[in-house]
Structure formats: C-alpha cells, structure tokens
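Taking it in order: structure first as structure tokens, then the write-up.
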Amino acid sequence: MTNKITHVIKRSGAIVPFNQERIANAIYRAVVAVGGRDKETAKKLSDQVVEILNEKFSGGTTPHIEDIQDIVEKVLIENKHAKVAKEFILYREDAAKRREAEARHHSKPNESIPWAKIWRNLDWAVSHNLHTVEALNERIARGEFAHIVHESENLYEDDVSLAAELIMERLNSLRMVMISGPSSSGKTTTTIKLEQKLTKKGFRFKALNVDHYFFDLELHPQDEFGDYDFETPQALDLPLINEHLLKLANGEEVLIPSYNFKTGTRTLNVTPMKLEKDELLLIDSLHGLYPDFSKDIPADMKFKLYLEPLLQMKGPGGKYLRWTDLRLIRRMLRDSVHRAYNPQQTLEHWHYVRSSELRNIIPYSNTADFIISSAMPYEIPLYAHRLLDKFSEWEQKYKGDPLRIDAYERAARVYRVLKSVTPVADDSPVPEDSVLREFIGGSKLDYS
C-alpha cells in the first residue's frame, strides 16, 4: 500500500507529519482497555484506516485529526470489533469533555474533587499564612522555613493518625487496606506510616506488591518515540489480582507472580502468600479504587484510602498551584534517583500519566473511605532550588514543537511558579521519615 498522506491538522491548528504508528497505537490502546493484547491486528486495522484516508483525501488535501478518528471508528465497527470501537469512542468523548472543561475554566463543580477536604486545607493555609506564594516568601524571608516544615508535617501526620483510627474501628470485618492515588502522591510512605501506627496497636500485616502483576512490557502500548504507556489499569493483570484478593480474603493460599523490571517480563506462580485470621493485607497501588481491581471483594472487607497533595496556594496571576505539577516534580526527582529515568523523560511521559489518572483514578476518588492530603507547602522552595534552571531550558526546548505541546505547556507553567518562589537549598529541617523524603531522598524508611 502506497501512502499519500503526509501531514495531519491537529485540533490546535498545527500541521504535523502524518504517522501511521499513532493510529495503530490508538487502536491498540483501545484493544488493551477491553482485555486484548493483539498488536498485529491493530496494525492491520490501521492499514485499512490509511487506505480509506488515501481514497478520501486523494486530491492532496490534509486530513484533520477528527477525520482520522471518524475513520478509525468506522473501521473498527465494520470489522466487528464492537467492544474496541466502544472503548475508542468513550476515550474520544472523555477527551472532548476534558477539553470543554478546560475551555470553561472549570466553571462547573467537579464531583471527583474532595471539596470538604479542600475547604479544610484552605482554612489551614490561610490561618498559617501559607495561602499564597507571596505569603510563603515572606515567611521564608523571616527565617521561618523550619517552622513551616513543622506545621506542614503535623497536618499530614494528623491525617494519617485519623486514617489509622478509622481502620481500627472496622477491624472486625476488614481483610485489606488499599492505599490509592495518582502518581507520586505519597502512597508508599503513607502505607509504611499506617503500618507503623497500627502495628503499635498490636495488629499484623502482609503487603502485596501489585507491580508483580504487570503484563510483559512488550504487550503494553508504545508510541512513536518508543515510550511505553504503562499507566493504565489494564497494564496490570486485573483478573488475576481480583482472583488472588478474593482467595486471600477467604484465607486461601495463592502464588504471587514475579515481575523482572530489567527484562520487562513476568513469571507466574512464584511466591506463596496466605493471610492469617489476625492479619490485614496492605495494598499500595495507583489503581486500588478502580472497580475491576477488587470487584468481587465485599465492601466491608476493604478500607479504601485516597491520597493527593491538596495544596491550597495561589501563585503567579492569582491562580492556584496545580496538584499535578507538584506530583510531576516529585516523580522527576524520584525517577532520576531510583529508576534511572532522567527528568526530561518524565516530563515527556507525563501526558500518559495525566490521561490515565483523569480517566481511571481521579473519577473514583469519591469512593474512598478517607482522603489524605500529602501536600507540603514547603516543598515548592526546595524544588525551585533543584529544578528552576531545568524548567527554563525545557520551556525553550519545546516551544513551537507541535509534537510536544503538552511538555511545553507544563514546563512553561511550572517555570512561572518556580521562579516566583524563594528557593531553599537546605533540606535538613525535613524529617527523615517525611513523605517528601520519598522523592527528594534521605529517608530512613525502607522502601524495598
């Protein structure tokens, strides 16, 4: 097949080179979302899409991205891939709704946002004079950075203590505690702290590492830059997770798989695990609230926690600092130390992270039994010292690149915030067991 399509018009109006691989990847992502793993079929279907494009735009005109998506839907339906077509359509509709919400500047209340918790955090921020970057800078100028750290840590610790109390109230029926939340919200540290608090009360735990349930890396969707989309819940073997959780809850033994991150491959039936009657299962997972993760476990057997850095602070132009930007920086710092993933790669990958959490994590936050805010107002000055120059470089690097619009917009936005903050180099006031140490390093907690 000879392809005559050379360029595509994006929604922004930018004209970019046509890449069939993008079509195949979009189809494959929809295939994965309904439980399939057939890349070859996705490629063949993309061939049909390109064939139709060549017929429809034979006069040398340039197709719009919406034209291509219309044809993808048509090809999927005509080839009797109804479930995949439905998933593709739903994903497309969700994306359109997100763009519409952005255009309205979120004028309508979002049911996924924990408003009660936000009002509490905003009240705390105002009463501690930490509700704006200007106020934060003033306190730093007065030499109060260490005190800001102390106040912030106390607010977080109060949340963790209350969560522990709520769990203890339900111990008669509970079999598992799920700590969920978007990337770099502080799940690992919070899981350890909860275990410490409950262990002091005489309770016993076993931890389930959900990472071992990843499918082989080659089965994950991949883009034209070679970047794998492993952020979706379908990157995990959800049926097997649910099966094992149900057996563990009933006191049966299971064999946990083992995932080798160096080779990107999984081995089934490796590590035996059984939950004794006086033990709780602790699960730290991005997708702990996703319905299919534990759909067969009765509600009274599971306690669901949700984490998010619910910072209430206004930055440049009177706009609130975005939680996703805090988590982006956290992940940059953590990935560079623990995963040999440089910060630029993290920035380029973040659109996958954000897309998945907006669709698969945040909408289920309102099903949590309790919400913990891991935001630390003092973290921004530390980031300004570490990454201000990098974000300045990235803003210039991606400016005008139609294939990296997301990376550019995030880099430019974060740069504006960081350059408005008084940088702090000395992180010695940060406790060694702080949730922030999970990202900046220097923790005394064992994350292995």
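Observations on the model:
- Which numbered condition F145 fails, given (1) more than 27 Å from the chain's Cα centre (by Cα); (2) surrounded by fewer than 14 Cβ atoms within 10 Å (Cβ to Cβ); (3) of a type outside the set (A, V, I, L, M): (2)
This table checks each residue for (1) under 22 Å from the mean Cα position of the chain (by Cα); (2) within 16 Å of G315 (Cβ to Cβ); (3) of a type in the set (D, E, K, R).
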{"residue": "Y383", "(1), (2), (3)": "yes, yes, no"}
{"residue": "Q396", "(1), (2), (3)": "no, no, no"}
{"residue": "V414", "(1), (2), (3)": "yes, yes, no"}
{"residue": "S420", "(1), (2), (3)": "no, yes, no"}
{"residue": "A425", "(1), (2), (3)": "no, no, no"}
{"residue": "V430", "(1), (2), (3)": "no, no, no"}
{"residue": "S448", "(1), (2), (3)": "yes, no, no"}
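Conditions tested, residue by residue: (1) exposed (fewer than 15 other Cβ atoms within 10 Å of the Cβ); (2) assigned to a helix (DSSP H, G or I).
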site	(1), (2)
L245	no, yes
Y259	no, no
L268	yes, no
E276	yes, no
D292	no, yes
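- Residue within the range 117-139 that is surrounded by fewer than 14 Cβ atoms within 10 Å (Cβ to Cβ) and under 18 Å from E308 (Cα atoms) present: yes
- Within the range 247-257, the set of residues being among the aliphatic types (A, V, I, L, M) and not in a strand (DSSP E or B) comprises L248, A249.
- Comparison of L45, L53 shows that the only residue that is closer than 21 Å to Q222 by Cα and surrounded by 18 or more Cβ atoms within 10 Å (Cβ to Cβ) is L45.
- Residues that are under 16 Å from S365 (Cα atoms), touching a residue at least 60 places away in the same chain (Cβ under 8 Å) and out of contact with any strand residue (DSSP E or B) (no Cβ under 8 Å at 6 or more places or on another chain), drawn from the range 294-327: T324
- Test for S185: is it among the small types (G, A, S) and buried (at least 16 other Cβ atoms within 10 Å of the Cβ): yes
- Restricting the range 328-339 to residues that are in contact (Cβ under 8 Å) with a residue 24 or more places away in the chain and either among the small types (G, A, S) or in contact with a helix residue (DSSP H, G or I) (Cβ under 8 Å, 6 or more places away or on another chain) (or both) leaves a set whose member that is farthest from V414 (Cα to Cα) is R334.
- When the range 322-377 is limited to residues that are among the hydroxyl-bearing types (S, T, Y) and more than 29 Å from P291 (Cα to Cα), the one that is modelled with the lowest pLDDT turns out to be Y341.
- In the range 173-204, the residues that are aliphatic (A, V, I, L, M), more than 19 Å from L289 (Cβ to Cβ) and in contact with a helix residue (DSSP H, G or I) (Cβ under 7 Å, 6 or more places away or on another chain): L198
- Within the range 158-167, restricting attention to residues that are in contact with a Lys or Arg (Cβ under 8 Å, 6 or more places away or on another chain) and surrounded by 14 or more Cβ atoms within 10 Å (Cβ to Cβ), the residue that is modelled with the highest pLDDT is V160.
- Tabulated pairs, the range 396-422, first more than 21 Å from L311 (Cα to Cα), second assigned to a loop (DSSP other than H, G, I, E, B) and at pLDDT 95 or above, C-beta under 7 angstrom, 6+ apart or interchain: Y408/K399
- Test: residue in the range 376-399 that is outside the structural domain of S294 (by TED's automatic domain parsing), surrounded by fewer than 20 Cβ atoms within 10 Å (Cβ to Cβ) and not in a helix (DSSP H, G or I): yes
- Meets criteria (outside the structural domain of N360 (by TED's automatic domain parsing), part of a loop (DSSP other than H, G, I, E, B) and modelled with pLDDT of 85 or more) for T41: no
The values are calculated or read from the model by the stated rules, or taken from the named source; none is laboratory data. Just so we're clear, the structure is a prediction, and the values are computed from it rather than from any experiment. Cβ atoms come from the backbone with ideal geometry, glycine included; neighbour counts cover every protein chain shown.
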